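Read-outs: derived from the displayed coordinates by stated rules, not from any lab. Predicted, not measured: the structure shown is a model, and the values here were computed from it.
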Amino acid sequence: MDCGSLRGLVAARAMARLAGGDLVLAGPQPRVLRLFFLTQMVSHWAVFATVDEAAVSGWGALRSEDARQTGEPPSAAYSPS
């Protein structure tokens, strides 16, 4: 993954948010997660260890309007060990 790919994800997330949804990272590969940490994007995205964890979080579907405005990730956000 490179910066061009990251731009694509940012653009896709912006489009999803305009449509009332969101885009989260679920089960990212180590290289992807590293890029998100290096660019400090990880603090702006909801990142989950697995797809199942993301699905049960309801992050995109159940976020409040305030969370949608601030873009704060959920407290259960994934953190690499």
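Short version: ³J(HN,Hα) in whole Hz for each residue of the stretch 42-57, in order, from phi by Karplus 6.51 cos²θ - 1.76 cosθ + 1.60 (θ = phi - 60°), x for Gly and Pro, what are they?
Going residue by residue, I get 4, 6, 10, 10, 7, 10, 10, 5, 9, 5, 4, 4, 5, 5, 7, 5 Hz, with x marking Gly and Pro.
For A49, what residues show an amide H to amide H distance below 5 Å, using hydrogens built from the backbone and excluding near sequence neighbours?
Close amide H contacts, sequence-distant or interchain: G27, Y78.
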